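Notes follow once the structure below has been shown.
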Amino acid sequence: MKDHSMVCASLRTSEMLKESTMTPSSDKISSGLGWLRFFLFFFVAFTLFMTAGLPLIIHYAGDEWKMTPPDQPATAAFVWLGVGCFLWILVLVLFIDNFILSQFRKKRLLERLLQNGRHARGTVVQKQVLQVGARGELLALKVAFRNLVDAEVETTIDMVDSEPSQHRFAPGKTVSLLLDPEIGDPAVMIQGKGFQWNRTIMTIIVLVLLILLTLAPGILVYSYMQESRGYGWRYLGFGHPFILIPFIIGIELVIYMVIRKLSGAKRKNSKLLLYGKPATATIINTAQTGLYINEQPQVRFTIEFEGSRGRIHQASFKKVVDLLRIPDIAPGKTIPILYDPEHPEQIQPLD
């Protein structure tokens, strides 16, 4: 059981970052990041091939469009032409907003935090080197600090240390933090560390944007030259690549947006990090939801805890539990939590 004098509120949920007391070598980090970049480029290329390349190959590898003259009515042909143009414009707008403009919005949020953030002092609990490069070391720092309601919490912050030889962020060192009262993203950052572009991600985004900008007019011109045969746009239909490809990409972008929208737990956890108070909750009921992730059951917990004003509150949450820990979650057991004093039903387990 964790020390109850320290309340942990880790916002970073990546399972790839395992806790370690040793700093990995530069060669191992560079090799791992090289494979990560390769996988990222491969994933994007594979997705583009399945979304755009495969429909083009299937369409033009067949001979049906060559053997059958276009018989679409002129009105329907212009309708499909308009639908295709609309879908391509929609795809470009959604892509630019979600992957390019969002980066500038994040930059503005960081600049606002640098100007208006609340100052706090934190202590480095753990340091992990993620990457060694020409600009310094990319670190994941677990930092303990007192939040805006004077509760002691912890969070993990990613940052670049441009002067690693000075060991300014070794465990036990004190760091200056900025807390965002408006619960932006990020809600906590190291003072003096501004925005830096991720070159790998931005390179991929720009390449995909150029491909989309080239693909739309390219398909339209090529298909007209090959398929019109004096019939104008009568060859267009829902199954044509000019319409089918942006339709598929649009669905993918909408799914991406829905997933981001549903991941509102990040803002909820950020609010608990900045304004949450610690408490010890008693488990009063547990029940499996029927969902398994990596062969581990998801369990719905019903807990009871005493708030700061002496009132007893109940709340529930879902969590994937290791099978070996099933005995530790029996009714009557206690767990540390953070809760929102204004909305006590909003809690975050800390173990």
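The values are calculated or read from the model by the stated rules, or taken from the named source; none is laboratory data. Being a predicted model, the structure only gives us computed values, none of them experimental. Backbone-built Cβ (ideal geometry, glycine too); neighbour counts: all protein chains shown. Side chains included, ligands, DNA and RNA excluded: accessible areas come from the protein's heavy atoms. Shrake-Rupley method; radii C 1.70, N 1.55, O 1.52, S 1.80 Å.
Residues of region 116-158 being modelled with pLDDT under 80 and out of contact with any helix residue (DSSP H, G or I) (no Cβ under 8 Å at 6 or more places or on another chain), which ones?
Listed by number, the residues that qualify are G133, A134, R135.
Take G192 and decide whether it is modelled with pLDDT under 90 and on the phi > 0 side of the Ramachandran plot.
yes
Which is touching a residue at least 40 places away in the same chain (Cβ under 8 Å) and either open to solvent by less than 80 Å² (accessible area, probe 1.4 Å) or in contact with a Pro (Cβ under 9 Å, 6 or more places away or on another chain) (or both), of I293, I283?
None of the other options fit; the residue is I283.
Can D180 be described as within 30 Å of L273 (Cα to Cα) and modelled with pLDDT of 85 or more?
Yes, satisfied.
Take the residues in region 309-327 that are modelled with pLDDT under 85 and open to solvent by less than 80 Å² (accessible area, probe 1.4 Å); name whichever of them is nearest to T280 (Cα to Cα).
Ranking the qualifying residues of region 309-327, first place goes to G310.
Test of understanding: among P246, P241, P217, which residue is surrounded by 14 or more Cβ atoms within 10 Å (Cβ to Cβ) and either among the hydrophobic types (A, V, I, L, M, F, W, C) or out of contact with any Pro (no Cβ under 7 Å at 6 or more places or on another chain) (or both)?
Exactly one residue qualifies, and that residue is P246.
Among the residues that make up region 194-217, is at least one of them in contact with a strand residue (DSSP E or B) (Cβ under 7 Å, 6 or more places away or on another chain), among the charged types (D, E, K, R) and within 28 Å of L113 (Cβ to Cβ)?
Taking every residue of region 194-217 in turn, none turns out to be in contact with a strand residue (DSSP E or B) (Cβ under 7 Å, 6 or more places away or on another chain), among the charged types (D, E, K, R) and within 28 Å of L113 (Cβ to Cβ).
Of the numbered conditions (1) free of Cβ contacts under 8 Å to residues at least 24 places away in the same chain; (2) exposed (fewer than 15 other Cβ atoms within 10 Å of the Cβ); (3) over 29 Å from the mean Cα position of the chain (by Cα), S223 satisfies every one except a single condition; which is it?
Status for S223: all satisfied but (2).
Give the residue, chosen from R260, R234, R229, that is assigned to a helix (DSSP H, G or I), open to solvent by 80 Å² or more (accessible area, probe 1.4 Å) and among the charged types (D, E, K, R).
Going through R260, R234, R229 in turn, the sole match is R260.
Considering only residues that are polar (S, T, N, Q) and within 22 Å of L81 (Cβ to Cβ), which ones fall in region 202-229?
Hits for region 202-229 are T214, S223, Q226, S228.
Any residue in region 60-67 that is more than 28 Å from M225 (Cβ to Cβ), open to solvent by 60 Å² or more (accessible area, probe 1.4 Å) and either at pLDDT below 85 or not in a strand (DSSP E or B) (or both)?
Looking for residues that are more than 28 Å from M225 (Cβ to Cβ), open to solvent by 60 Å² or more (accessible area, probe 1.4 Å) and either at pLDDT below 85 or not in a strand (DSSP E or B) (or both), one finds none in region 60-67, hence no.
For K268, are the conditions met, namely being open to solvent by 60 Å² or more (accessible area, probe 1.4 Å) and not in a strand (DSSP E or B)?
Criteria met by K268.
Results for (1) outside any helix (DSSP H, G or I); (2) of a type in the set (F, W, Y); (3) modelled with pLDDT under 70; (4) on the phi > 0 side of the Ramachandran plot, shown as yes or no for each residue.
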{"position": "V7", "(1), (2), (3), (4)": "yes, no, yes, no"}
{"position": "F38", "(1), (2), (3), (4)": "no, yes, no, no"}
{"position": "L48", "(1), (2), (3), (4)": "no, no, no, no"}
{"position": "P55", "(1), (2), (3), (4)": "no, no, no, no"}
{"position": "V79", "(1), (2), (3), (4)": "no, no, no, no"}
